[in-house]
Amino acid sequence: MRRPRDAAMRRLSDSPEGLVPISTEYFAFIPPGGGRERALQPSVPRSCPAAPSRNTNSERRATPTPACRPTSGSDADDAPGNRETAVSVSAGPAGRPPAPERSFQIDLGELAEEFADCNEHSDCSTGECRVKVLPTLYRIIRLIADSEDLANALPIILEVMEQRMRMRRGMISLLDRASGTIFIHASFGLTEGQKARGLYAPGEGIIGRVVASGKAIVSPSLRDNPLFLNRTGSHRDDDGADCTFVCVPILTGGKVLGTISGERSYASNRLLKQDFELLATIASMIAPAVELYLLENIERKNLENENRRLHAALKEKFKPTNIIGTSKPMQDVYELIGKVAPTRTTALLLGESGVGKELVANAIHYNSTLADGPFIKFNCAALPETIVESELFGHEKGSFTGATGLRKGRFELADGGTIFVDEVGELPLSVQAKLLRVLQEKTFERVGGSRPVKVDLRIIAATNRDLVRMVEDGQFREDLYYRLNVFPITIPPLRERGSDIIALADNFVARFARDAGKEVTRISTPALNMLMSYHWPGNVRELENVIERSVILCDDGVIHGYNMPPSLQMRTAEEVDPTADGGLQSRVIAVEYEMIVDALKLHMGNTTEAARELKITRRTLGLRMVKYGLNYKTFRGGT
């Protein structure tokens, strides 16, 4: 007597078009007791309504719900048609209980009994009995549930495909999302060289198409499929002419992780359908293990590579040769950086505010043996005196009001690297004593704690204060000063760096123009004169702010003198006309002077063309040039 399941299994073979699309969900279920019952738990195909289970005796736990109603048609086997059939497959999370009205539970013995009644469903008469695969599937489920180790499950899966399913070749391909590459992780029937050549991009070839779409592909005639690339080179002209290729996605949470694919020749659509469903089930079972493998291996390696790349970029960025400035004072600084960086000696950076002490500290760290360790920065003036000690050394739980848990301080976070203590002159005397102990013994206690914490790090301190005078006034510990002053480096102020001002200004113009989306080609000569003649009390930081403002104000791709702050324009006006009073007259003089200089520079000292450019007579231009002490010969070279 034919069962409803038999009719459901016949639907594919009875279709006049050969294979038909189906949509099925699969997920693995392991009972709490680890027994054999309810070992596999597939859901009902979405295309057919669920039917009530039929219980014949008390020993049967559940009976499969028919996938579809019986359909009419011939009982003869249909050979696979020469066309490609796409099957949508999705996987639910492992262990998720199914909806009662859509799912059923079976044990392995019951499923074997179900198939045993009809050889045509599993081709047992030809030796290809898929029932024999069920214990192996249970073994795979146990391995995944116990350890989620993909390496243990893969040999069994490949053995099932090769020995039980009699496939000629089989591949498990994984997707490296960082590089966008699909690679063959495990296979049989391929040499190592062929396996290494099996690289695809999403959407490329059959495997790439499955990864891109998340839908399985069954290709009855592989060689006639236009998506077939033979990237591995494993197919010869006389090999696999009638080969069928099955490729199913490995899915979790709607995300494609890879594919399982295999190839062989089929004479029965029923067997092909069973093999497809078996591969889809295996793909669903191993999806959590594949996701864990990619996270622990591929993605971790990508993160490590990215971390190394960023470290290399930081080293390159903060090389002394990449610090802008070629003046003699800066060359001396570069030489000192090169000598102290390879050591672990404490360095003390001295200089006015805004000269670039933090940039020098970066250069020392990223060119040292501790470059792979953390680089922790702490500004002593940025926090109230009451919490500086806690920030530097950490605190124990309950050490003060609000200390709800243990907290590591900056010194502990910098273990194995470098800590940069900026504005060290602002440290209170009580914290200076504790810092002295860290410098001497590399040991400290957290606030509220008694257990010593040992650290291995380098200390770089910086200040714009006169520490010698502070020691004389009793504001800074003398013993701490001598501990810090092992290798002092004094960074010169900008006003002593000469031509570095122009190089720095050009660099800032390029950066801020890029950020603002503007095309700024140059700084005009009068504007450069303003920059060179200014005394820069705020040093490099002030120059950076001036250039940012000027880039915002310029409209014609050139930074003019009138784009500069009034403080710079006033100085230029006084130099051109000492009688200027600093008001409107000074601004007019500065603008007029700059326009004349720009016109002469543009026309290389040709006063006739310069006067035409300024829309004044040549005589008027001559009088203005005399007033401002300009000589046309100065601009003959275009400078």
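First compute the accessible area of region 413-496 with a 1.4 Å probe, then give the percent of it belonging to carbon and sulfur atoms.
Carbon-and-sulfur percentage of accessible area, whole number: 44.
Between rounded, prolate and oblate, where does region 378-468 land on the alpha carbon gyration tensor, with a ≥ b ≥ c its root eigenvalues, rounded for a/c under 1.5, else prolate if a/b exceeds b/c?
On the way: a/c = 1.88, a/b = 1.33, b/c = 1.41.
Oblate, because a/c is 1.5 or more while a/b does not exceed b/c.
How would region 129-203 be classified by its alpha-carbon gyration tensor: rounded, prolate or oblate, with rounded meaning a/c under 1.5 and the a/b versus b/c comparison settling the rest?
Oblate shape, in that a/c is at least 1.5 and b/c is the bigger or equal ratio.
What does the accessible area of Lys601 come to, in Å² to the nearest 10, when a probe of 1.4 Å is used?
50
Determine which lysines satisfy two conditions relative to Lys442: a Cα distance under 27 Å, and not lying fewer than 8 residues away in the same chain.
Answer for Lys442, where 27 Å is the Cα cut-off: Lys315, Lys339, Lys357, Lys377, Lys397, Lys408, Lys434, Lys454, listed by chain and number.
Using the alpha carbons of region 153-287, what is the convex hull volume per residue in cubic angstrom, as a whole number?
About 102 Å³ per residue, rounded to a whole number.
Of Asn507, Pro492, Ser450, whose Cα points farthest to the positive end of the dipole of region 445-528 (charges on the beta-carbon: +1 Lys, Arg; -1 Asp, Glu; origin at the Cα centre)?
The Cα lying farthest towards the positive end belongs to Ser450.
Multiplying the sequence separation of Thr404 and Leu310 by 0.36 nm and subtracting their Cα-Cα distance, what value in nm do you get?
Full-extension gain reported as 30.3 nm.
Could you compute how fast region 323-379 diffuses translationally, taking Rh as the Kirkwood radius over C-alpha pairs and applying Stokes-Einstein at 37 °C with viscosity 0.692 mPa s? Give it in µm² per second.
Stokes-Einstein gives a translational diffusion coefficient of 269 µm²/s.
As an exercise, use a Förster radius of 22 Å and the Cβ-Cβ distance of Glu609 and Thr521 to find the FRET efficiency, rounded to the nearest 0.05.
0.60
Size of the dipole of region 346-498 about the Cα centre, Lys and Arg at +1 and Asp and Glu at -1 on the beta carbon, nothing else charged, in debye to 20?
340
Need one number for region 507-554: average projected area of the convex hull over its C-alpha atoms, nm². Walk me through the numbers on the way to the answer.
Numbers: hull surface 13.0 nm².
Average projection, Cα convex hull of region 507-554: 3.3 nm².
Taking the Cα-to-Cβ direction at Asn297 and at Phe183 and moving 7 Å from each Cα, how far apart do the two end points lie in nm?
Output for this residue pair reads 0.9 nm.
Suppose accessible area is computed on protein heavy atoms with a 1.4 Å probe; arrange Asp555, Asp372, Asp149 from highest to lowest.
Ranking Asp555, Asp372, Asp149 by accessible area, largest first, yields Asp555, Asp372, Asp149.
Using 0.36 nm times the number of residues separating Glu204 and Lys255, minus their current alpha carbon distance, what extension gain do you get?
Length gained, Glu204 through Lys255: 16.6 nm.
With every protein chain kept in place and ligands, DNA and RNA left out, what is the accessible area per residue of region 350-434? Probe 1.4 Å, answer in Å².
41
So how exposed is Tyr481, as accessible area in Å² (1.4 Å probe, rounded to 10)?
For Tyr481, the solvent-accessible surface is approximately 40 Å².
Rounded to a whole number, what % of the accessible area of region 153-231 do carbon and sulfur atoms account for, probe 1.4 Å?
46
Extension gain Glu445-Leu553, at 0.36 nm per residue separation less the Cα-Cα distance, in nm?
Net length gain for the segment: 33.6 nm.
The values are calculated or read from the model by the stated rules, or taken from the named source; none is laboratory data. Since the structure is predicted, the reported quantities are computational estimates derived from the model, not experimental observations. Glycine also receives a Cβ, built like all others from the backbone with ideal geometry; neighbour counts cover every protein chain displayed. Only protein heavy atoms, including side chains, enter the accessible area calculation; ligands, DNA and RNA are left aside. Shrake-Rupley method; radii C 1.70, N 1.55, O 1.52, S 1.80 Å.
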